[in-house]
Amino acid sequence: MRRNKKELPITIISHRGASGHRPEHTLASYELGARHGGDFIEMDLVATRDGRLICRHEQEIGHTTDVADRPEFADRRTTRTIDGREAEGFFAQDFTLAEIKTLRAVERLRDVRAENTAMDGVYEVPTLEEVIGLALSLTKELGRPIGIYPETKHPAYHASQGLELEPLLIAALRGAGLTGDEPKVPVFLQSFEAESLRKLAGTGLRLVYLMGAGEPWRPYTTPEGLAEVATFAHAIGPDKNLVVPVTGDGELDEPTPLVADAHEAGLLVHPYTFRSENRFLPESLRSPGDPSDYGGFAAEYEAFFEVGVDGVFTDFSRHAFLAREHFLLGDQG
Ligand code: G3P
Ligand code: CA
């Protein structure tokens, strides 16, 4: 199925903010993502010891904050097994929010995004409430809706630690007037765990089932599986490779039927994650130069827009915005 270019919209989801340009999951990153044309601010949520939701990609905060350089927290270093994966470091659940607020964010991808390391130590770790406040104020200032797109991270693990994420998320959304049919700004709620989405059904908000490229999600990629997903979600957020795979030669392959099948089941499709640097692009789209140089990202967006995806998670909202402009308007000149 090819997209009719007049069919709008293609939603741009600023993945961890404008994380190509700022350390991920900081208010500065989120704000820039919106100013670069993003429609939604995407954030991953984990819980602190005192039950507050903060924005980090995983519970381990040693790779995205300066916690390892803080002698006062040296005794918090530990090893935890989360969903079968052992990790050593510093975990959000061992810190109060007040302690987290003394930390500062650092760039995760230090070799590829060396420019961002200049902003190490500048920004705080934001709370969910702060991001909601930012989305509301940007909506007012920019004159267009800036939505939020929170993800519950490892929700079953959190629950096993007495830190159930969903009631905390629902309370924050309710408190801000972001539930029901007409939230103050658009909202999608996402998770890799179906059970978490089921717990969020009462919000009345649109729910997105994230699908990895691995075995656990394979049954959900069939028409029957997608029909089942449609009983608890409004959209899927598949790994890009489930939509347009990459051949062994590093070329974009023929699209799979996933988008057409998902649409048939009544589901929107928002694949993740688009990144402009050579390091992350299929070999055939790379430019000569360093892994950190930009490659032919426009061709990648184009391929996915052609297939009819309804949105994209991107570290570079500006690039997605320009690619969308070109795709929708480019042949009118
Ligand atoms: O939420 C979409 C995408 O971010 C899922 O993968 O691991 O980057 O959170 P991850
Ligand atoms: Ca995410």
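The values are calculated or read from the model by the stated rules, or taken from the named source; none is laboratory data. Keep in mind that this is a model prediction, so the values were computed, not measured. Note that we place each Cβ from the backbone using ideal geometry, even for glycine, and neighbour counts take in every protein chain shown.
Quick notes on this one:
- Here THR139 passes the criteria (1) away from ligand 1 (no atom under 15 Å from the Cβ); (2) touching a strand residue (DSSP E or B) at 6+ places or on another chain (Cβ under 8 Å); (3) polar (S, T, N, Q) except the one numbered (2).
- Residues in the range 101-125 that are surrounded by 15 or more Cβ atoms within 10 Å (Cβ to Cβ), out of contact with any helix residue (DSSP H, G or I) (no Cβ under 6 Å at 6 or more places or on another chain) and touching a residue at least 40 places away in the same chain (Cβ under 8 Å): ALA105, VAL106, ARG108, ARG113, ASN116, MET119, ASP120, GLU124.
- Screening the range 149-164 for residues that are more than 17 Å from the chain's Cα centre (by Cα) and of a type outside the set (Phe, Trp, Tyr) and picking the one that is farthest from ligand 2 (Cβ to nearest atom) gives GLY162.
- Among the residues of the range 165-189, the one identified as in contact (Cβ under 8 Å) with a residue 60 or more places away in the chain, within 16 Å of ligand 2 (Cβ to nearest atom) and touching a Phe, Trp or Tyr at 6+ places or on another chain (Cβ under 9 Å) is PHE188.
- Residues satisfying the stated conditions in the range 233-292, i.e. on the phi > 0 side of the Ramachandran plot and at pLDDT 95 or above: GLY250, GLY266
- Scanning the range 264-304 for residues that are farther than 19 Å from GLY20 by Cβ, assigned to a helix (DSSP H, G or I) and over 22 Å from the mean Cα position of the chain (by Cα) yields GLU264, GLU283, SER284.
- In the range 282-333, residue surrounded by the fewest Cβ atoms within 10 Å (Cβ to Cβ) [restricted to those that are more than 16 Å from ligand 2 (Cβ to nearest atom) and of a type in the set (S, T, N, Q)]: GLN332
- Flag if ALA74 is aliphatic (A, V, I, L, M), under 29 Å from GLY147 (Cα atoms) and not in a strand (DSSP E or B): no
- For the range 145-202, filtered to residues that are among the basic types (Lys, Arg) and assigned to a loop (DSSP other than H, G, I, E, B), the residue that is farthest from ligand 1 (Cβ to nearest atom) is LYS184.
- Filtered residues of the range 160-184 (kept if surrounded by 19 or more Cβ atoms within 10 Å (Cβ to Cβ) and closer than 16 Å to GLY133 by Cβ): LEU169, ALA172, LEU173, ALA176, LEU178, PRO183
Yes/no matrix, rows are residues, columns are (1) touching a residue at least 40 places away in the same chain (Cβ under 8 Å); (2) closer than 26 Å to ILE146 by Cβ; (3) more than 16 Å from ligand 1 (Cβ to nearest atom):
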{"position": "LEU207", "(1), (2), (3)": "no, yes, no"}
{"position": "GLU224", "(1), (2), (3)": "no, no, yes"}
{"position": "LEU242", "(1), (2), (3)": "no, no, no"}
{"position": "PRO245", "(1), (2), (3)": "no, no, yes"}
{"position": "GLY250", "(1), (2), (3)": "no, no, yes"}
{"position": "ASP290", "(1), (2), (3)": "no, no, yes"}
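- Filtered by the rule that a residue be polar (S, T, N, Q) and either within 16 Å of ligand 2 (Cβ to nearest atom) or not in a loop (DSSP other than H, G, I, E, B) (or both), the range 47-71 gives GLN59, THR64, THR65.
- GLU60 vs. criteria charged (D, E, K, R) and within 25 Å of ALA156 (Cβ to Cβ): yes
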